[in-house]
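Scroll down for the structure; my scribbles are underneath it.
The values are calculated or read from the model by the stated rules, or taken from the named source; none is laboratory data. The structure displayed is predicted, hence computed values, not measured ones. Please note: Cβ atoms are built from the backbone with ideal geometry, for glycine as well, and neighbour counts cover all protein chains shown. Side chains are part of the model used for accessible areas, which takes the heavy atoms of the whole protein and leaves out ligands, DNA and RNA. Shrake-Rupley method; radii C 1.70, N 1.55, O 1.52, S 1.80 Å.
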Amino acid sequence: MIEVKDVHFAYPTGVKALRGVSLTIHDGDFIAIMGQNGAGKTTLVKHLNGLLKPTEGEVIVDKVKTKETSVAKLARKVGFVFQNPDHQLFCETVEEEVAFALKNFGFKEKATKKRVSWALNLLDLEGYRQTSPFMLSGGERKRVALASVLAWDPKYVILDEPTIGQDYQQKEKLRQFIIQLNAQEKTVIIVTHDVEFVAECNPRVVLMTDGKIVADGEAQKILTNEKLVAQASIVPPQITQIFLGLADLGLPTDIIDVHEAREVLITRLEATS
Amino acid sequence: MSVFEGFRFRKVSSPIHDLDPRVKFFYVCILFVIALMFNQLLPLIVLFFVPLPFVFMAGVQRQWLRSLKGAIFLATIIFATNLVSRYIYSGYVWSAIMLEESIALTFRFIVLVAAFSVFFLTTSPDHLGLALEQSHVPYEFCFAFTTAVRFVPVLAEEAQTIMDAQKARGLELERGNFLKRVRNYIPILIPLIVSAIRRSLELAEAMESRAWGTTKNRTNLYVLRLKTGDYGLVVISIALLIVATYIWLSVPIPTVTTLLHM
């Protein structure tokens, strides 16, 4: 369990990025942190693995206060995949890249080998074992970055803007992958402003504006609330927009799932004909 | 990383910021020359206070003090080497004058730092590039210079992100002996260099697609012209130089040690 207790954070330049954030993340949760640029999403998740320490308040990861421990110790539990894979890739081969963190955490050689193979397999990178990560495409690099974090099997996985620069198929694969991770009892936290992606995943949504949490709850409740969504400068998913526009026909307005929408419409059409 | 904040371009307006960078540079050079003319403590102390009104008019006191603080380390070394070498040179005998001379030379360094930091704190990189261009430095060099300065804070920010990303993968920069610590920086340097090269290639493409270097004679939106204030500063600078030269040639300067004994 990760507890964020009334956290305030100001950067050395004086910019106040968080103004009193409280959040409890239970084991096995799947959370999407959403909000406009500069709302404090990334700042908040950087507190979860101790990269940033609160200027006020505290963050507690499995009963350990982040202020009292090191990033390296926290990282073993809290895996963080950064937005831009180019900010972390540096090894000569994909294999070494994935093994880097394992070596840092002191895994034995045999275990390292096993885990590298496991992670490469998981992300469909087996064929690129000996390739330089710099020769890969953007989507593949992103997968290498993901593999290099999942390799040490962290309990919590944070993904910062995982869908940026990905095409539809990659996104769909990523979605299935995240849901699979979550099904294996991993706690997954994604930071994103990709509304459609979140609507398809249907996680718990934490909405942020100006360094504060303005809403926290089911995606279906939050993404269909026009007022809340506008406050956070995002738009509802397309399917929701359609249903919001058809509200005068007496159709439900809290629809974010295309399949559900289909059911509702078919029932309605059958009733009228 | 806050060290690099100084390079961040801020549009500030003050009577000093608006002065012509060429004239400001001339003024700083005069201070430089005067500082080198004297090696006695008294005139150097006076010289230290000359740029002060400048600093206050520009409202950059805090940054100015910070850059002086940054000079303390080097100043201490200068002081120590002067004092020790004088001590050895005079055959291991202490004297007050030795101390004073060492302080004077340290002060000379501080005066130089103080004057130059006023210049850099009140002149934006763009302004500086413009001044270079109008002084007939080839445009390629001016552009390279301003671009380099402009990208320092960007790179610093990127370095910070890369450090975070690697720390999140369990990298501990402070671990191990000296050699190990140096090697710890490889995972940070490689992505940083790769992205800097990528960025420069992208920049080159963007520039070419905007017809960089098509004509020999570029025109500028802003052109530097000397205004009343600039002429005023030129006059002040020359007056300072004349007074300093007069004192240097014909006024005997007492040392602080003799003054204290009177």
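What to note about this one:
- Computed over the alpha carbons of segment B:170-234, Rg followed by Dmax gives 23.2, 60 Å.
- Its Cα gyration tensor gives segment B:153-262 an equivalent ellipsoid; the semi-axes, largest first and in whole Å, are 50, 35, 11.
- Summed side-chain charge close to B:LYS227 - residues other than B:LYS227 whose Cβ falls under 11 Å, Lys, Arg +1, Asp, Glu -1: -2
- Looking at chain A, the DSSP beta bridges with both ends there are about 55 percent antiparallel.
- Computed over the protein assembly as shown, the alpha-carbon pair-distance distribution with 20 angstrom bins reads 17, 37, 31, 13, 2, 0, each value a whole percent.
- Each principal axis of the Cα cloud of segment B:41-151 was taken in turn, and the coordinate range along them, longest first, works out to 56, 30, 24 Å.
- Taken one residue at a time, the phi angles of segment B:181-192 give Karplus couplings (6.51, -1.76, 1.60, θ = phi - 60°) of 5, 4, 5, 4, 7, 4, x, 9, 5, 4, x, 5 Hz. Gly and Pro are set to x.
- Heavy-atom SASA rank of A:LEU89, B:LEU201 (probe 1.4 Å, accessible area, largest first): B:LEU201, A:LEU89
- Shielding by partners for peptide B:159-167, expressed as the average number of C-beta atoms from other protein chains within 10 Å of each residue's C-beta, is 6.
- Cα gyration tensor shape for segment A:1-113, rounded if a/c is under 1.5, else prolate or oblate: prolate
- B:ARG198 accessible area, assembled protein chains, probe 1.4 Å, Å²: 80
- Positive-end residue of A:SER22, A:LEU223, A:LEU136, charge dipole of segment A:2-236 with Cβ unit charges: A:SER22
- Three-way shape call for segment A:190-236 based on the alpha-carbon gyration tensor, with the a/c threshold at 1.5: rounded
- Beyond 24 Å in Cα-Cα separation lie the following of the pairs A:LYS5/A:LYS67; A:LYS77/A:LYS221; A:LYS63/B:LYS167; A:LYS41/A:LYS155; A:LYS173/A:LYS227: A:LYS77/A:LYS221; A:LYS173/A:LYS227.
- Cα centroid of segment B:12-62 to Cα centroid of segment A:204-273, whole Å: 64
- Other protein chain Cβ atoms within 10 Å, averaged over every residue that makes up A:46-52: 2
- The ratio of the alpha-carbon radius of gyration of chain B to the globular-protein estimate 2.2 N^0.38 Å is 1.29.
- Low-density loop positions, trypsin sites (Lys or Arg not before Pro), segment A:1-36 - DSSP coil, at most 12 other Cβ in 10 Å: none
- Projecting the Cα positions of B:GLY213, B:ALA244, B:HIS136 onto the charge dipole of segment B:108-254 (unit charges on Cβ atoms of Lys, Arg, Asp and Glu, taken about the Cα centre) puts B:ALA244 furthest along the positive direction.
- Loop chymotrypsin sites (Phe, Trp or Tyr not before Pro), segment B:212-246, which have at most 12 other Cβ atoms in a 10 Å radius of their Cβ (DSSP): B:TYR222
- Considering only segment A:127-251, percent of DSSP beta bridges that pair antiparallel, nearest 5: 55
- For the peptides B:47-57, B:111-121, the ranking by mean Cβ contacts within 10 Å, running from highest to lowest, is B:111-121, B:47-57.
- Scanning residues 5 or more positions from A:ALA17 or on other chains, those with amide H under 5 Å from its amide H are A:PHE9, A:ALA10, A:TYR11, with H placed 1.01 Å from N in the peptide plane.
- Residue-averaged beta-carbon neighbours from other chains (10 angstrom radius) around A:82-95: 5
- The dipole here belongs to segment A:2-236: it is taken about the Cα centre, uses +1 on the Cβ of Lys and Arg and -1 on the Cβ of Asp and Glu, and is about 680 debye.
- Three semi-axes of the equivalent ellipsoid, segment A:2-236, Cα gyration tensor, whole Å, largest first: 29, 21, 16
- If you take all other residues with their beta carbon under 11 Å from the beta carbon of B:GLU174, and give Lys and Arg +1 and Asp and Glu -1, the sum is +3.
- Test item: Cα-centred dipole of the protein assembly as shown, Lys/Arg +1 and Asp/Glu -1 on Cβ, debye: 1660
- Listed residues B:LYS216, A:LYS73, A:LYS142 arranged by accessible area, highest first, probe 1.4 Å: B:LYS216, A:LYS73, A:LYS142
- On association of chains B and A, roughly 1900 Å² of accessible area becomes buried (total for both chains; probe 1.4 Å).
- Binning the alpha carbon pair distances of segment B:150-190 at 10 angstrom intervals from zero yields the distribution 30, 48, 20, 2, expressed in whole percent.
- Ligands, DNA and RNA are left out, and with a 1.4 angstrom probe the accessible area of segment A:2-236 is 44 Å² per residue.
- Model label points for B:GLU157 and B:LEU42, set 7 angstrom from Cα along the Cα-to-Cβ axis, are 5.2 nm apart.
- Solvent-accessible area of the protein assembly as shown (1.4 angstrom probe, protein heavy atoms only): carbon and sulfur portion equals 61 percent.
- Translational diffusion coefficient (Stokes-Einstein; Kirkwood radius from C-alpha pairs) of segment A:180-273 at 20 °C, 1.002 mPa s, in µm²/s: 148
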